[in-house]
Amino acid sequence: MYYTKNMKYLNPVLRGMYPDPSVCRAGDKFYMVTSTFHFFPGVPLFESDDMINWKQIGHVLTRKSQLLIGEIGASGGIYAPNIRYHNGRFYMVVTNVSNIGNFYVWTDDIYGEWSDPICVEQTGIDPTLFFDDDGKTYFVSNGNDENGTGYIQISEIDIETGKKLSENKPLWYGTGGRYIEAPHVYKFGKYYYVLDAEGGTEYGHMVNYARSENLMGPYEPCPGNPVLTNRDMGGYQLQGAGHGDIVEAPDGTWWFCHLAFRQIDQYMPFHHLGRETCVQPVYWKDGWFYIGTDGQALLETEVETNHKIAIQNFSYEKTFKTLTLKNDWNYLRNPDYENYKVSENGIELKSTPITLSETKSPTWIGVRACEFEEDFSCDVTCSEGEAGLSIMMDENHHYEVFIINENGKISANLRLRIGPCDYIKKSIELESSTANLRVVSNNYSYTFFANEINLGSADTRYLSSEVACGFTGVYNGLYAVGNGKWNQFKNLKIIHNSK
């Protein structure tokens, strides 16, 4: 079923940890990428016909040669990818803040492999490429001048080699908001536009831009800045709107994809699902563009469009048969593939001594938590050591319900790790090394079960960005810790029924 003309759709359109979205169009299709930080593989790649409904078609960074994220802390690694399509070729430019800095990769087949990294010796983060009408290519990022003031900077590069052909030049200092970032440069008609995000990727986040008839400026700020922000919508569930990218559809409509997050309650400003991807309509007036509903990002948006948009469906049941390594499962940092046996019938995990509280790569595999209300369960057989289910924010903030099998003594346990506090909240004896482990969540809490026995609850807010800091979101994971034995996971279910 499709909408046409006036229609309403729901945000976020990508739910769970999909921050810093960037979009481009090739023919009648749209393509989007988002950040992944310390997770492997890196930079999920999505395709859409309508900008509202997105299908993941793979990841961009799938090899260790592209993505070195060894012993790094959470929220390191891959920041803010940008995707562009030029002369039949796709480019993805990004920063690995923990390793090689700014680089880009390319492909001529959007469904195939991408090149190894081509590095660019330019400082800053959140890089983007701009292809001008005269055939020149420019590399844009944020940066700081000699006084430490943030700005957007630009240099010309050789797109074949990444070699810089000019020095960095300040392009725009923004509107005065803190943490100027997320730069993009466009040319629409006779004007060049430089767009940024300011205010920090938190509750004061906002989108601003300026225009000029010359690429190198001077730039005139939009009189309607900020053109997107929810900073004055106290108590509204969708917050932190900013950091985005603009694209024109084949029917002449314009769209803006951006990040935002859902806080758990009107009076509880915590978010743990991560920064998510939203989409807003774009409107033009006198050479200036305006975003969303009066510059605000809403959970439900009405838009007039001339192309068909499929009705959204956020209800799902994820199982081993429906989840794939190509699209869904992630590892923590660079994995040792010899510790994983993945099939549509289940997963076997070979335990190692590395725990979830370390900045190495434990035997752990997970999928994003996408909704507040989820029912996550799996039958787990622990051969030795410990094996179970993990609700993971970062190495210092995570909850586990798991089985311990030591010297013939078997128990089910609930562990809570909240900063320096790491303790077993409850433990019960088991007669078998196999148990059904389950986590049921809502906006406010997780409740943990072993063979339907309630082991206790813990607040979602202690896994939030406001408590844990960082830029990621919660994952539902399976893990094993021990001395090299294989542990089995069967009958996985992650259920959400959209209201």
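The values are calculated or read from the model by the stated rules, or taken from the named source; none is laboratory data. The model shown is predicted, which means the values in this text are computed figures rather than measured ones. Glycine gets a Cβ as well: all are built from the backbone with ideal geometry, and neighbour counts include every protein chain shown. With ligands, DNA and RNA removed, areas are computed over all heavy atoms of the protein, side chains included. Shrake-Rupley method; radii C 1.70, N 1.55, O 1.52, S 1.80 Å.
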Expressed as a whole-number percentage, the relative contact order of the chain with C-alpha contacts under 8 angstrom and at least six residues apart is 15 percent
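Calculated from DSSP H runs of 4 or more alone, at -39500 (n - 2.57) each and per residue, what is the 222 nm mean residue ellipticity of the chain, nearest 500?
Per the formula, 0 deg cm²/dmol.
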For the stretch 370-491, what is the convex hull (Cα atoms) projected area averaged across all directions, in square nanometres? 7.4 nm²
Sort out for me the Cα centre separation of the stretch 373-443 from the stretch 220-255, rounded to whole Å. 41 Å
Once the Cα atoms of the chain are picked out, what are the Rg and Dmax in Å? 22.9, 76
How much area per residue is accessible in the chain when the probe is 1.4 Å and only protein heavy atoms are counted (Å²)? 39 Å²
Förster radius 41 Å - calculated FRET efficiency between I424 and N53 (Cβ-Cβ, nearest 0.05): 0.40
Violations at 30 Å Cα threshold for listed pairs K8/K29; K29/K360; K318/K425; K164/K285; K55/K190; K321/K426 -> K29/K360; K164/K285; K55/K190; K321/K426
Quantify, in whole percent, the carbon and sulfur part of the accessible surface of the chain (1.4 Å probe; protein heavy atoms only). 46 percent
What would the Debye equation give as log₁₀ I(q)/I(0) for the stretch 68-202 at q = 0.09, 0.11 Å⁻¹, counting only Cα atoms as equal point scatterers? -0.27, -0.40
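Test of understanding: what is the full-extension gain from N345 to T123, defined as 0.36 nm times their sequence separation minus their Cα-Cα distance? Walk me through the numbers on the way to the answer.
Numbers: separation 222, 0.36 × 222 = 79.92 nm, distance 4.63 nm.
Computed gain between N345 and T123 is 75.3 nm.
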So for the stretch 420-499, averaging the separation of alpha carbon pairs under 8 Å that are six or more residues apart and normalising by length, what relative contact order in percent results? 15 percent
Note down the magnitude of the dipole of the chain about its Cα centre, charges +1 on Lys and Arg C-beta and -1 on Asp and Glu C-beta and zero elsewhere, to the nearest 20 debye. 700 debye
Kirkwood Rh over Cα pairs of the stretch 288-401 into Stokes-Einstein at 37 °C, 0.692 mPa s: D in µm²/s? 186 µm²/s
Over the stretch 161-304, one equal point on each Cα, no solvent: what is log10 I(q)/I(0) by the Debye formula at q = 0.09, 0.12 Å⁻¹? -0.29, -0.51
Name the residue from A480, W364, S464 whose Cα lies farthest towards the positive end of the charge dipole of the chain, charges +1 on Cβ of Lys and Arg and -1 on Cβ of Asp and Glu. A480
How far apart, in nanometres, would the label points at A26 and N454 be if each is projected 7 angstrom from Cα along the Cα-to-Cβ direction? 5.2 nm
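Once you keep just the Cα pairs under 8 angstrom separated by 6 or more residues, what percentage relative contact order results for the stretch 259-387?
Computed value for the stretch 259-387: 16 percent relative contact order.
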Give me the distance between the Cα centres of the stretch 128-199 and the stretch 38-84, rounded to whole Å. 22 Å
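Length gain on complete extension for the stretch K64 to N436, per 0.36 nm per residue less the alpha carbon to alpha carbon distance?
Working: separation 372, 0.36 × 372 = 133.92 nm, distance 3.46 nm.
Full-extension gain reported as 130.5 nm.
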Can you tell me which aspartates and glutamates have their Cα less than 12 Å from the Cα of K169? Leave out same-chain residues fewer than eight positions away. D145, E156
Only four residue types carry charge here, +1 at the Cβ of Lys and Arg and -1 at the Cβ of Asp and Glu. Report the dipole size of the stretch 285-377 about the Cα centre in Debye, rounded to the nearest 20. 540 debye
Tell me, in nm to one decimal, what length is gained between E302 and W284 on full extension, where the rule is 0.36 nm per residue of separation less the Cα-Cα distance? 4.8 nm
Can you work out the FRET efficiency for the pair D251 and E338, with r the C-beta to C-beta distance and R0 = 45 Å, to the nearest 0.05? 0.35
Treating only Lys and Arg (+1) and Asp and Glu (-1) as charged, each at its beta carbon, one finds that the stretch 54-159 has a dipole about its Cα centre, in Debye to the nearest 20, of 500 debye
